[in-house]
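Derivation of every value follows stated rules applied to the coordinates shown; laboratory data play no part. Since the structure is predicted, the reported quantities are computational estimates derived from the model, not experimental observations. Using ideal geometry, Cβ is built from the backbone for each residue, glycine included, and neighbour counts are taken over all protein chains shown.
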Protein chains: 2
Amino acid sequence: MPHDPFSPAHQFNHCSLSTNKSMGRPALHMDCLTKTMGVLDALVMRKRVFTKGSDLIHEDQQGQNAYLLQSGWSCSYALLRNGTRQIINFHVPGDLIGIRRLLIPDVDGNLCAVTRIEVGEIDIESLLAALRSNNCLAMAILWLAFRDEAIVSQHLVDVGRRRPVNRAAHFFLELGSRLSIAHPDMKTAYECPLTQSLIADALGLTAVHFNRVLRHLRELNAMTFHDGWVELLDFDKLEHLADFDASYLQ
Amino acid sequence: MPHDPFSPAHQFNHCSLSTNKSMGRPALHMDCLTKTMGVLDALVMRKRVFTKGSDLIHEDQQGQNAYLLQSGWSCSYALLRNGTRQIINFHVPGDLIGIRRLLIPDVDGNLCAVTRIEVGEIDIESLLAALRSNNCLAMAILWLAFRDEAIVSQHLVDVGRRRPVNRAAHFFLELGSRLSIAHPDMKTAYECPLTQSLIADALGLTAVHFNRVLRHLRELNAMTFHDGWVELLDFDKLEHLADFDASYLQ
DNA sequence: CGCCGATTTGAAATTTATCAAAGTTTGTGG
DNA sequence: CCACAAACTTTGATAAATTTCAAATCGGCG
């Protein structure tokens, strides 16, 4: 095993927000984003810790906060009356979560801590006020919103039109890409604290079937996932399987 | 048939942007949105017409425009190497489309005219400039982005965790809700210029299977869809099937 | 040690896709 | 206005994929 599975991967950082490759439409957002970081940090009222499995935001409750995820992973999900769950997206350290309630109350579904997490709590009214006075911040948040939408759209494509094996390949490639923005070494092997059951609920599969899919990927020598650790053994094969193009992530 | 299928349903209007029910967080966005309309209209450089089936935006091409959909329907979609297509969302008159390329080049996938459409073309650089100087406009666009994300998230839930019958029910209820924002009479019966094949590609089904699903819904006396016309015969039954809650649409 | 959650495997049942073909509608050119 | 072609809808039969149900294993943890 090329990496130590016990290394502290969930340390504090701001990867998604602070680091970005140069873009077609250059400097503009980089400026916004770097400036933004300070603004957002200033808006953090206090640090909070949520235990594994606890809800940050629940549909019913009228939460008034957004969160800057500092360590650990969380996910947003929907619970259906038929007893199933669809996970919309997983969030990794650096992600800003719960911002949709900024403008649309009640519409961020559920947010749940997948591991123990540390977050910076941001009062939504202060954030609103900051947005109104700081145009650069507004652009940065807009950029985040577009990016989130692009990610969710890809998940829809995944679930709607890719076969389970290709879908799983796409999922792990996307995660690797997202993590590697802040930690380039995480592109082909990374710690992943998710259970098979959680991922299955993100991919629209049963846990049993997803387990078989993983075996298939292992037998193809494409990748492995065990003990909370993902290894993308054959990146090219995976990219081909997944029909993956990371441009939507930047 | 209670409605004339030949009535001009695709007339010019701005439903999605101009008309909105009151929200939990009141006046704020209404202000923004109504003010915004004028600003957006002012940004429209010229009116363009696209023929049915033509692409407004194609992945490869570096388009520099967003569009205000004035009449007709369009859709955003992804084409996969395996020959399938996933439709991400359909757009109805009043929708602002192609805005994601505002900040993320290359990431609006494909946009295609489902019917003959008339659009107001908005130069993306002018829109950017307007956003920078007009904070209210920025907030309105942010609101639109959040709403779009909520809609796509629901589609993901649909495709990932609802059975085809419930999925179809949800689809038609959502469309009805979206249309009824501007045209209250369209909530339970509306013109719908989509083919079964298009809807199947939005729902992650084959056209053949979706056709059987439609038959099932018809036999349930829940709804019918033929000749480009949708009738939601038993709204309660549909809502129950779909586990539908329109709050994400407002 | 025993329990609990997560993973793994097998077998059967169900759902959904695929293939094929017949109707039907729609649009176009003569 | 008709004839024809193309696209869309509908149905049946069959094949394939996926879920469901059941049970065994594994590992961590009190």
Checklist entry - How about the stretch A:157-232: which GluC sites (Glu not before Pro) there lie in a loop by DSSP and see at most 15 other Cβ atoms within 10 Å? => result none
Checklist entry - Label-to-label distances across copies for A:His183, with labels 7 Å out along Cα→Cβ, in nm, shortest first? => result 5.3
Item to check | Under 15 Å from the B:His209 label point (7 Å along Cα→beta-carbon), backbone N, the stretch B:156-171 | outcome: B:158-169
Next on the checklist: How far apart, in nanometres, would the label points at A:Asp123 and A:Ala42 be if each is projected 7 angstrom from Cα along the Cα-to-Cβ direction?
Outcome noted: 1.5
Checklist entry - Label-to-label distances across copies for A:Asn135, with labels 7 Å out along Cα→Cβ, in nm, shortest first? => result 1.1
Item to check | Per-residue HN-Hα couplings for the stretch B:83-88 [Karplus 6.51, -1.76, 1.60; θ = phi - 60°; Hz; x = Gly/Pro] | outcome: x, 8, 10, 10, 8, 7
Item to check | the stretch B:171-250-the stretch A:110-166 distance, computed between alpha-carbon centres (Å) | outcome: 29
Next on the checklist: Check which residues have an amide H placed less than 5 Å from A:Val114's amide H, if you skip close sequence neighbours.
Outcome noted: A:Gly53, A:Trp73, A:Ser74, A:Cys75
Next on the checklist: For a quick check: with amide H placed at 1.01 Å from N, whose amide H comes under 5 Å from B:Cys192's, ignoring anything fewer than 5 positions away on the same chain?
Outcome noted: B:Trp229, B:Val230
Item to check | For A:Asp41, inter-copy label distances in nm, listed shortest first [label point 7 Å out on the Cα-Cβ vector] | outcome: 4.6
Item to check | Derived scalar couplings ³J(HN,Hα) [the stretch A:174-184; Karplus, 6.51 cos²θ - 1.76 cosθ + 1.60; whole Hz; x for Gly, Pro] | outcome: 4, 4, x, 5, 5, 5, 6, 4, 8, 10, x
Checklist outcome for this item: Counting sequence-distant residues (5 or more places) and residues on other chains, those with an amide H built under 5 Å from that of A:Asn89 are A:Ser76
Checklist outcome for this item: Going residue by residue through the stretch B:153-162, the Karplus relation 6.51 cos²θ - 1.76 cosθ + 1.60 with θ = phi - 60° gives ³J(HN,Hα) values, rounded to whole Hz and with x marking Gly or Pro, of 4, 4, 4, 5, 4, 4, 6, x, 10, 10
